[in-house]
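**Student:** Attaching a single structure in structure tokens format; questions to follow.
The values are calculated or read from the model by the stated rules, or taken from the named source; none is laboratory data. Keep in mind that this is a model prediction, so the values were computed, not measured. Here Cβ is always computed from backbone atoms with ideal geometry, including for glycine, and neighbour counts include all displayed protein chains.
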Amino acid sequence: MGLVLVPTPLGNLRDVTLRALDVLRDCDLVVAEDTRVARRLLAALGLPKKTLWSYREQNAAAVTAGILERARGGTVALVSDAGTPGISDPGRDLVLAARAAGVAVEALPGPSAFVSAAVLSGFELHGFSFEGFVPRAKGERERALRAALERATASVWYETPSRIVQTLEVLASLAPERPVFVARELTKLYEQQLAGTPAGVLAQLDRPVRGELVIVVSGAAPAPLQPSQVETDREIDHALAAGASVPQIARDLARRGFGARAELYRRASQRRATREL
Ligand code: SAM
């Protein structure tokens, strides 16, 4: 009973879960963004025909009450064309409406393209950002990509074949060395995983670009930890006390990551002069 969000395969039918099959077989109504896609999916999975209702942004206001009514007395399965409902797909408003109406809501775990792409990227994911689709408008897209490049951890986007080239070109101009990862046609026969710099990935991408795509941009590497001035001075004083010369100290501390040799030379000379006073 209630509303059940049912993830569906991204391309490989065998990724449907046993629970998804149970719900789709036993439910009273299937609600889908595109009922033709849902009908084909049920048939491909060998499931019985179901009553199918369309639920899209455009008709959501008109059909929500009816869907909740059906979910009160039975089980309504919400599916999207592929992956998890509510992830760059309709679902969120229905979840909120169901909860507000006291109708039970359940979300089955299952496939979602951004999760597979994120883990395949190999980038640091702690605190990563899922951004939905890369904005279409040039200015907005550049702002979004700049913001991603500032983040410490990875950013994940859905992208279309018609715009992926421009997106990679913008990344190549803003951050030529930043590692990126593009997953194309995940779980399908021609799945591709492309990793490298933005220009490197562009070069690997077959043209015209076809299929479904996710792009992951690695976070900015953390700035190397700089020893504080106090630590540097302590090292200099210690070396001076041990009888080391200023050039020796500058060379040694620069090698150990305490900064630029010229600056260390200047600082060590200053410290020695102070000691001699
Ligand atoms: N709800 C879906 C999910 O959980 O992944 C996403 C729906 S969104 C409307 C569709 C976008 O997901 C596509 O344009 C593409 O960026 C991405 N996508 C879906 N299937 C994919 C696949 N097999 N490989 C790569 N990306 C995919």
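**Student:** Starting from the range 154-173, take each residue that is in contact (Cβ under 8 Å) with a residue 40 or more places away in the chain and assigned by TED's automatic domain parsing to the domain that holds residue 132 and list its partners that are away from the ligand (no atom under 14 Å from the Cβ) and assigned to a helix (DSSP H, G or I), counting only C-beta distances under 7 angstrom and pairs at least six apart or across chains.
**Tutor:** These pairs meet every condition: 155/148; 165/202; 167/141; 168/198; 168/201; 168/202; 171/145; 171/198.
**Student:** If you check residue 47 against the conditions, is it at pLDDT 95 or above, in contact with a Lys or Arg (Cβ under 6 Å, 6 or more places away or on another chain) and over 21 Å from residue 101 (Cβ atoms)? Give the derivation first.
**Tutor:** Numbers: at pLDDT 95 or above: yes; in contact with a Lys or Arg (Cβ under 6 Å, 6 or more places away or on another chain): yes; over 21 Å from residue 101 (Cβ atoms): yes.
Considered against the rule, which asks whether it is at pLDDT 95 or above, in contact with a Lys or Arg (Cβ under 6 Å, 6 or more places away or on another chain) and over 21 Å from residue 101 (Cβ atoms), residue 47 comes out as yes.
**Student:** Can you tell me which condition residue 189 does not meet? The list is (1) more than 16 Å from the ligand (Cβ to nearest atom); (2) over 22 Å from residue 140 (Cα atoms); (3) assigned to a loop (DSSP other than H, G, I, E, B), and all the others hold.
**Tutor:** Residue 189 satisfies all of (1) more than 16 Å from the ligand (Cβ to nearest atom); (2) over 22 Å from residue 140 (Cα atoms); (3) assigned to a loop (DSSP other than H, G, I, E, B) except (1).
**Student:** Among the residues of the range 102-121, write down those that are surrounded by 15 or more Cβ atoms within 10 Å (Cβ to Cβ), assigned to a loop (DSSP other than H, G, I, E, B) and over 17 Å from the mean Cα position of the chain (by Cα).
**Tutor:** Correct list: 103, 108.
**Student:** Can you work out which of the residues in the range 147-186 that are over 14 Å from the mean Cα position of the chain (by Cα) and among the small types (Gly, Ala, Ser) is surrounded by the fewest Cβ atoms within 10 Å (Cβ to Cβ)?
**Tutor:** Checking each candidate, the answer is 162.
**Student:** Kindly evaluate residue 88 against the criterion of being in the same structural domain as residue 35 (by TED's automatic domain parsing) and modelled with pLDDT of 95 or more. Full working, then the answer.
**Tutor:** Working: in the same structural domain as residue 35 (by TED's automatic domain parsing): yes; modelled with pLDDT of 95 or more: yes.
Answer is yes for this residue.
**Student:** Going through 124, 140 one at a time, which residue ends up being surrounded by fewer than 18 Cβ atoms within 10 Å (Cβ to Cβ), assigned by TED's automatic domain parsing to the domain that holds residue 186, away from the ligand (no atom under 16 Å from the Cβ) and over 13 Å from the mean Cα position of the chain (by Cα)? Before the answer, list the steps.
**Tutor:** Working: 124 fails: over 13 Å from the mean Cα position of the chain (by Cα).
Selected residue: 140, the only one of 124, 140 that is surrounded by fewer than 18 Cβ atoms within 10 Å (Cβ to Cβ), assigned by TED's automatic domain parsing to the domain that holds residue 186, away from the ligand (no atom under 16 Å from the Cβ) and over 13 Å from the mean Cα position of the chain (by Cα).
**Student:** Only one of these conditions is not met by residue 197: (1) under 30 Å from residue 68 (Cα atoms); (2) hydroxyl-bearing (Ser, Thr, Tyr); (3) more than 15 Å from the ligand (Cβ to nearest atom). Which number is it?
**Tutor:** For residue 197, the failing item is (1).
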